[in-house]
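Chemist: Can you keep this structure in mind? I'll have questions shortly.
Derivation of every value follows stated rules applied to the coordinates shown; laboratory data play no part. Since the structure is predicted, the reported quantities are computational estimates derived from the model, not experimental observations. Please note: Cβ atoms are built from the backbone with ideal geometry, for glycine as well, and neighbour counts cover all protein chains shown.
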Amino acid sequence: MSTSAREARRPEHRLSAAGPEVGIRYRIVPIDPHAHLFEVVLEIDDPDPDGQRVRMPAWIPGSYLVRDFARHVVAIEARAGKRRLDLAKIDRQTWQAAPCRGTLRLAYRVYAWDLSVRAAHLDANHGFFNATSVFLQVAGRESRACAVRIEPPPGIGGWRVATTLPRDGARAWSFGDYRARDYEELADHPVEMGRFTHARFMVAGVPHDIVITGRHDADLTRLARDLQKVCAAQARLFEPRGGKPPFERYLFLVMAVDEGYGGLEHRSSTALLCPRHDLPHAGMKGVPDSYRGFLALASHEYFHAWHVKRIRPAALVRPDLSRENPTRLLWIFEGFTSYYDELMLARCGLVESTDYLKALGHTISQVLRGPGRLAQSVAESSFDAWIKYYRPDENSPNAVVSYYAKGALVALCLDLEIRHRTGGARSLDDVMRLLWRRFGRAGAPGTDRSVDGCGGDGADAATTAEGLAENGFAPLVLEATGVDVAPLVEAWAEGTGELPLAAQLRAIGITLELEGADDGAPSLGLRLAARPEGLAIATALQDQAGMRAGLSGGDVLVALDGLRVRDEKCLKSMLARRRAGDIVEMHAFRRDELFTASVRLQAPVLTEATLKVDDRAPPAARLLRRGWLGPRARGGA
Ligand SMILES: [Zn+2]
């Protein structure tokens, strides 16, 4: 690796604004975009005299799955001065260098071809990385400051850099020197490089940038105007006085692709992946569902800047990146965020309240379609996210409940319960604000202390930035609202019974109607998937008709009563002509073996939810509904 010429420039790097004590320096170069390789050099000035260990994280905060990022380290070597050192791999993610004096220097390459928000990606069009995919942690020195030099790709001009990593000499949007207070901060500022479009808006004096990479024709003016409303509403939710967000700037890093979807939250930025057609185009009227989906994604990740990045479960305050860090509280941190992401779009007036109720109906249907809600609680789902929710298989709908979707419905039920019991005087918003004052504003990492009221609120200011204890939620709700929700948390979050959605919604003048899918046609109790080999069973739903007749996930359906089943539409038209209780012969392949199953068709399960505003609801209910949707909500409700 040709690094010696650059080494000569090292002194100013050492004596950078991060201070002369900075003894850990990273340098990253998108060295070979066609081979998708970043080159990284890590220098450690005072390595462990017993032999320094370095480790690649196993996971990235916000995405609760061990991904073993070390598997993309392609080549690695260690040197002290000119001398090459032995470097032993001692477990799947850790290396140990032979003891040495002076600066230890590690050089390695990282294969970056994961087009997601969680890892790293590089080609001749752009580069993207999270530190957890490219920068080794220096064992025992994770809390030390580090310097980071980001260099341009050799032979490619015109690239810029977008990141909220603090600059340490680099000019805005440029390659150059950056710094981080510790590895946790380093890992919390993803970096995008390439040619991108850019728009800016302000929230309470704080600049917010939107950077879009990938081909697109998005109306940036519209996008900035709409996101401004969402962000301002969220900042006001947490900080009613002044509405100032807790960071000095915020960055939406958007990668526009043909298909793909995802977002990952960070302390002052988010990485989003979305279909380019979800972005608004010039002259677009209203908010189509696709754009509403994008706004909800952006809203979700932005809400996380408070809720999970600063208000954190105690189990994730000092996460160990080498192994799973389970908590039973993801239903609060992901579920509540999922509840507020769409709700805030209605509250700030971007989305008609009827469209919001439609989206809420979809969430209810999503939960009701999965028998897994009766097998696993959202608290269990949170704890086992690492091995279940993030590792779905054909049985997941039967065994796993989403702490996002059901967590959002638990949030809804808690919110409506608090509003009902306090006559509208208190709500889940008060709970969020107390969580914020208690665990976030008082000094979580990355929090701008100039936030209005920060540190000046008596008892609240005296609290530390520790996280929410596993059993800390119900007492906090009691403190914030005077409502004892402990039995409800026990039933709704720790238990697997049905949520009282219809009753809760009725109390605010909204009716919940449930019907079967496919206009009430009889059902096989299967989830289907179009695959190259034909119409496959994705899941045979628990204790439903297909499973009872011996059909299974992975079987390929070929005929019903001797007639070929070409696709799902064809199958549905056949079922529509039959009645519940009829027995049909399903012909199917399991692997290469043809077999027949006699299925007694079942009445459709009532999973499809429709929410409607009840105009005849009593005035008290209507008042609660208006408080819930907020004064800016538009349309009917
Ligand atoms: Zn989330």
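Chemist: Applying the selection to the range 295-309, what residues are under 21 Å from Leu357 (Cα atoms) and either away from the ligand (no atom under 14 Å from the Cβ) or of a type in the set (Lys, Arg) (or both)?
Modeler: Listed by number, the list holds a single entry, Leu295.
Chemist: Listed residues Glu342, Glu334, Glu352; which is closer than 25 Å to Lys612 by Cα and within 14 Å of the ligand (Cβ to nearest atom)?
Modeler: So the residue among Glu342, Glu334, Glu352 that is closer than 25 Å to Lys612 by Cα and within 14 Å of the ligand (Cβ to nearest atom) is Glu342.
Chemist: Restricting the range 244-264 to residues that are surrounded by fewer than 19 Cβ atoms within 10 Å (Cβ to Cβ) and more than 15 Å from the ligand (Cβ to nearest atom), which is farthest from Trp436 (Cα to Cα)?
Modeler: The selected residue is Asp258.
Chemist: Then there's this: With closer than 25 Å to Val401 by Cα, out of contact with any Pro (no Cβ under 8 Å at 6 or more places or on another chain) and surrounded by fewer than 17 Cβ atoms within 10 Å (Cβ to Cβ) as the only criterion, which of Ala549, Ala529 stands out?
Modeler: Ala529 is the lone residue from the list that is closer than 25 Å to Val401 by Cα, out of contact with any Pro (no Cβ under 8 Å at 6 or more places or on another chain) and surrounded by fewer than 17 Cβ atoms within 10 Å (Cβ to Cβ).
Chemist: What are the residues in the range 199-233 that are in a strand (DSSP E or B) and either crowded, with 20+ Cβ neighbours inside 10 Å or in contact with a Phe, Trp or Tyr (Cβ under 8 Å, 6 or more places away or on another chain) (or both), if any?
Modeler: Scanning the range 199-233 gives Phe201, Val203, Val206, Pro207, His208, Asp209, Ile210, Val211, Ile212, Thr213, Ala218.
Chemist: Being outside any strand (DSSP E or B), more than 16 Å from the ligand (Cβ to nearest atom) and within 19 Å of Ile210 (Cβ to Cβ) narrows it down to one residue among Arg292, Arg267, Arg241, Arg236; which is it?
Modeler: Arg292 is the lone residue from the list that is outside any strand (DSSP E or B), more than 16 Å from the ligand (Cβ to nearest atom) and within 19 Å of Ile210 (Cβ to Cβ).
Chemist: Right, another one. I'm told Arg632 meets every condition in (1) surrounded by 14 or more Cβ atoms within 10 Å (Cβ to Cβ); (2) in contact (Cβ under 8 Å) with a residue 40 or more places away in the chain except one. Can you identify the failing condition by its number?
Modeler: Every condition holds for Arg632 apart from (1).
Chemist: Another one. Looking at the structure I just gave you, is Ser382 within 23 Å of Gly293 (Cβ to Cβ) and either within 16 Å of the ligand (Cβ to nearest atom) or in a helix (DSSP H, G or I) (or both)?
Modeler: Considered against the rule, which asks whether it is within 23 Å of Gly293 (Cβ to Cβ) and either within 16 Å of the ligand (Cβ to nearest atom) or in a helix (DSSP H, G or I) (or both), Ser382 comes out as no.
Chemist: Within the range 500-516, take every residue that is in a loop (DSSP other than H, G, I, E, B) and of a type outside the set (A, V, I, L, M, F, W, C) and give me the one that is nearest to the chain's Cα centre (by Cα).
Modeler: This residue is Pro500.
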